[in-house]
Amino acid sequence: MEPITLDDLVARLGRWSAGRGPLYLLLAARIRQLADEGLLPPGTPLPPDRRLAAALAVGRTTVVSAYETLRQERRLVRRQGSGTRVAPAVLAPSEPRVTETSNPMFLHLLDPSAQDGVILLSCAAPVGPPPELAEAYGRLALPGDDLGYHPAGLPALREAVARRYDRRGVPTSAAQVLVTTGAQQALSLLTRLLLAPGDGVLVEAPTYPGALDLFREAAAVPHPVRVGPDGLDVAEAIRVMERHRPALVYVIPRFQNPTGAVLPPLLGRRLVEAAEAYGVPLVDDEVLTDLGFGDLPEQPPLSSYGSEVITVGSLSKAIWGGLRIGWVRGPAPLVGRLARLKAVHDLGSDVPAQLAAVRLLEGFDPLLNRRVRELRAGHDRLRAELALRLPSWSCPPAGGGQTLWVRLPYGDGVSFAQVALRHGVAVLPGSTMDPLGGSTRMLRLHFLLPPDVLSEAVRRLAGAWAEYALEPEVRTAALNSTTV
């Protein structure tokens, strides 16, 4: 049985410490639940006491007592020299046949109890729809002579999306647009179509964790390339393409998630030209591209540099996550293949939502401008609160998007996130988004909440940091640290 990584186990444990009673009993109960659900199959090796305690920011005695409780229940086997494993007993079901997410961003959404009283800075999405969405639904005229099945998308919406690309200088026909149930489905369909087990995929490090989940599910081999202040290291990406010939390149060139970096146009052109030269499909995730604060000049999309670039877009960030409308823009033959694949899975996205999206796109710019103003205000408020209450944290400004990429002065994001949860705020550790295994001191924090809630979130984070900094192992790390 392959060992579960420490980060994956911590993510699956989730908000394990919520509830009443001693911490060791709460931890034992959560491990027991994971075993019962098959998420810790029989024989799975568990981390040593000391390592798990450090990751959970608790005393070693808490983990030892939890393990011992489960050993007495015959749910764990503990032997000197061979560590701790889930017991190979009838009590535990067989390993699940499908890959399930351990991404904390998704787990917080999947477990409603984990949201009780917790401020979610882990999932960056607008809270509540704008009034224009209800107005758009109120003005719907549903077709009376339509079956309602449109695997490629409602023609009117495909044309509306195509016109937006036309206005950005990228001539596009409706045949080049596939409507999807959000950008996540767009990435899922592309992954299913373009990747086979063992295929290589060039990804940024760090990057959007939802994409990493999809690539793992496809059993693809990641080839991570570091992201710096100017976005992806394009020179290294070209070397990776030459050396490994990956089956796919996935990038977020503008307001990169999570770093906020923007890839300069000349580097974007070089990347597209290299991908086309090596015959590698390039996916440009543009979900955040419209959310610039106006400090940076507009720049052409990657699709303006090459006819084979595949673009993914969405209305979820500009409007609301509950409006599950996304799209793929690419070569018409590829879009046709994706439509046939989508037909197998859902026969087409929700028609009323697509009709509402058509109306929203007709008056999109005023709505988008208001959203950007709100984002800028949230960005400034969150940075001001962090500077006031947590001045030792490094928090550079972002030029757009929805998140700040924050560096802790010492310690690591995974263990601090555990303490933050106990203080009522959920954050996303950087290591969960970094396929190179780096970004351990980083946190991704979004600024989409109302100003008073952002202030309260930082107050809780400051309390969590005060507690975390008192942990013996964290103090030792701080004394030994030579980097900021």
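Bear in mind these aren't lab numbers, they're just calculated from the coordinates by the rules spelled out. Not measured: the values here are computed from a predicted model. Glycine also receives a Cβ, built like all others from the backbone with ideal geometry; neighbour counts cover every protein chain displayed.
Coupling constants for segment 340-348 follow from the phi torsions by the Karplus curve (6.51 cos²θ - 1.76 cosθ + 1.60, θ = phi - 60°), and in residue order they are 5, 5, 4, 4, 5, 8, 8, 6, x Hz; glycine and proline get x.
For segment 134-200, the Cα gyration tensor yields ellipsoid semi-axes of 27, 18, 12 Å (square root of five times each eigenvalue, largest first, whole Å).
Close amide H partners of ALA426, meaning residues 5 or more places away or on another chain with modelled amide H under 5 Å apart, are ILE119, LEU120, LEU121, SER122.
For LEU40, the residues whose modelled amide H falls within less than 5 Å of its own, excluding neighbours fewer than 5 places apart on the same chain, are ALA35.
Its Kirkwood hydrodynamic radius, worked out from the mean inverse distance over all distinct Cα pairs, puts segment 267-306 at 11.4 Å.
For segment 304-356, the alpha carbon positions stretch 32, 27, 16 Å along the principal axes, listed from largest to smallest. Considering only LEU445, GLN354, ILE310, whose Cα is most displaced toward the positive end of the charge dipole of the chain, charges sitting on Cβ of Lys, Arg (+1) and Asp, Glu (-1)? Toward the positive end, the furthest listed residue is LEU445. Kindly provide log₁₀ I(q)/I(0) values, in the same order as q = 0.08, 0.13, 0.17 Å⁻¹, from the Debye equation applied to equal alpha-carbon scatterers of segment 131-362. Normalising to I(0) and taking log10 leaves -0.28, -0.75, -1.27.
When peptides 65-78, 317-330 are sorted by average Cβ neighbour count within 10 Å, with the highest value leading, the order is 317-330, 65-78.
Among the listed options [x] -1.17; [y] -1.30; [z] -1.42, the one matching log10 I(q)/I(0) by the Debye sum over Cα atoms at q = 0.13 Å⁻¹ as calculated from these coordinates is [y]. The charge dipole of the chain, taken about its Cα centre with unit charges on the Cβ atoms of Lys, Arg (+1), Asp and Glu (-1) only, comes to about 900 debye.
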